[in-house]
Amino acid sequence: MTRLPIRFGLPVAALLLIGATGCAGADPSGAAADAAAPNPGTIGIAMPTRGEQRWIADGDNMVKQFQALGYGVDMKYADNDAQQQAAQLDEMIDRGDRALVIGAVDGTVLADALQRAHAKDIPIISYDRLIRGSADVDYYASFDNFKVGVLQATTIVNRLGLRSAGKAHTIELFAGSADDNNATFFFNGAMSVLRPYLKAGTLVVPSGQTTFAQAATAKWEGANAAARMKKLLTGERLDAVLAPNDGIARALIGALREAGYGKLPVITGQDAELDSVKLVDQGVQTQTVYKDTRELAKVAVQMTDKVLSGEKPEINDTTTYDNGEEVVPAFLLQPVSVEKANLRSVLIDGGYYSEGDLA
Ligand code: GAL
């Protein structure tokens, strides 16, 4: 693994602090501090798509937080097009952005761009989704992705009462996009909870489609999942649906309603997108997994600022995320399961949404 060399200088956060507190000598105007605070440069932020509410929140949060530290930002969305993203990264490298924070569209096609970045001493932060097949990823900021699936499946077990179930319940399984490293972690987390019930026969998959490959949804596109659901609905009523994120959950709700479902099955989700939070509040979607994008942005911004100042960022996982070339040191945040009962205590009291947003 080619970790970048240590640089000298204090993190911008510290420099701004010195400026603010006048530690650099009693200069109430802060002029000396301003003069002292070099221009920290521009950060390249590459996000996968605007097509989901969640990624827009991530981008906005990072822009706000980097700018608060005095950095310029160069943010691009790639419309779920991996080639477009690779071209955007090349432009950021040629423009001399000081670091790249990347939410990969397809984490398996970026190795060349990352090698170029490292050749120019530009550090790489893999954001939310792990970039695979590259020895040039410096750090990874994400959530405990396996736990996301565990939380989704636990909602299904609880809501169906599977622990004490006499009769068999039916479920169909949906997963995320195969080019997204997170998708297998989510699915494996869910299956680690559901498998014993599938074995015991208290949970049955009418289609028999229980592998990741069979359950995967290309590009996380809701329309792809809805089309698959239409083929799966053979008349046997479903008691539950494992939906990997909110966008897909809403698309599947549409497909079930079109198929004549009045009372809907237990349906999971992820991302606490506002449209789905409203549906959880109405009891239409059963659950979502909340991942505070403000906190994830904070982790990525602090990681970047530390690396650019030659310091080691805080990490809490050095084993889980092997991208095929290296085990990438990571900082993982905790996801939270949200159902109607705890929606307000988690999302409203936590300031992620206001009561007015739910109206
Ligand atoms: C995953 C991400 C999820 C969800 C999904 C679809 O990588 O972790 O939160 O947003 O992509 O974009």
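Checking the Cα-Cα distances for 219/291; 199/230; 167/291; 219/306 against a 31 Å cut-off, the pairs over it are 167/291; 219/306. Dividing the summed helix terms, -39500 (n - 2.57) for each DSSP H run of n ≥ 4, by the number of residues in the chain produces a 222 nm estimate of -12000 deg cm²/dmol to the nearest 500.
Counting only DSSP beta bridges with both residues in the chain, the antiparallel share comes to about 15 percent. Considering only alpha-carbon pairs that sit under 8 angstrom and 6 or more positions apart, the relative contact order computed for the chain is 18 percent. Summing charges over neighbours of residue 117, with a neighbour being any other residue whose Cβ is under 11 Å away from its Cβ, gives -4 when K and R count +1 and D and E count -1.
Evaluating kT/(6 pi eta Rh) at 20 °C and 1.002 mPa s, with the Kirkwood radius of the chain over Cα pairs in the Stokes-Einstein relation, gives 99 µm² s⁻¹.
When 212, 185, 146 are arranged by Cβ crowding within 10 Å, least crowded first, meaning fewest neighbours, the order is 212, 146, 185. Judged by the ratio a/c of the largest to the smallest principal axis of the C-alpha gyration tensor, region 227-359 counts as oblate, that ratio being 1.5 or greater while a/b is no larger than b/c. Separation of region 118-173 from region 309-344 is 10 Å, based on Cα centroids. Counting Lys and Arg as +1 and Asp and Glu as -1 over every other residue whose Cβ lies under 9 Å from the Cβ of residue 281, the net charge comes to +3. Shown is the FRET efficiency for residue 81 and residue 163, computed with R0 = 56 Å from the Cβ-Cβ distance and rounded to the nearest 0.05: 0.80. With an a/c value of 1.5 or above and a/b not larger than b/c for the gyration tensor axes a ≥ b ≥ c computed over the alpha-carbon atoms, region 206-261 is described as oblate.
Modelled spin-label separation between residue 211 and residue 115, with each label point placed 7 Å from Cα along the Cα-to-Cβ direction: 3.2 nm. Working from Cα pairs under 8 Å separated by at least six residues, relative contact order for region 115-171 is 22 percent. With a 10 Å cut-off between alpha carbons and a GNM built on the chain, which of 293, 202, 49 moves the most? Comparing 293, 202, 49 in the GNM, the peak value goes to 202.
Counted residue by residue at 0.36 nm each, then reduced by the alpha carbon distance between them, the extension gain from residue 314 to residue 259 reaches 14.9 nm. Scattering from the C-alpha atoms of region 182-284 alone, worked out with Debye: what is log10 I(q)/I(0) at q = 0.18 1/Å? Calculated log10 I(q)/I(0) at the listed q: -0.92.
Comparing 347, 89, 296 in a Gaussian network model of the chain, where Cα atoms under 10 Å apart are tied by springs, the biggest mean-square fluctuation is seen for 347.
Values quoted throughout were computed directly from the atomic coordinates according to the rules given, and no laboratory measurement underlies them. As the structure is a computational prediction, the values presented were derived from the model and not from experiment. Reconstructed Cβ throughout: ideal geometry from the backbone, glycine too, with neighbour counts over all protein chains shown.
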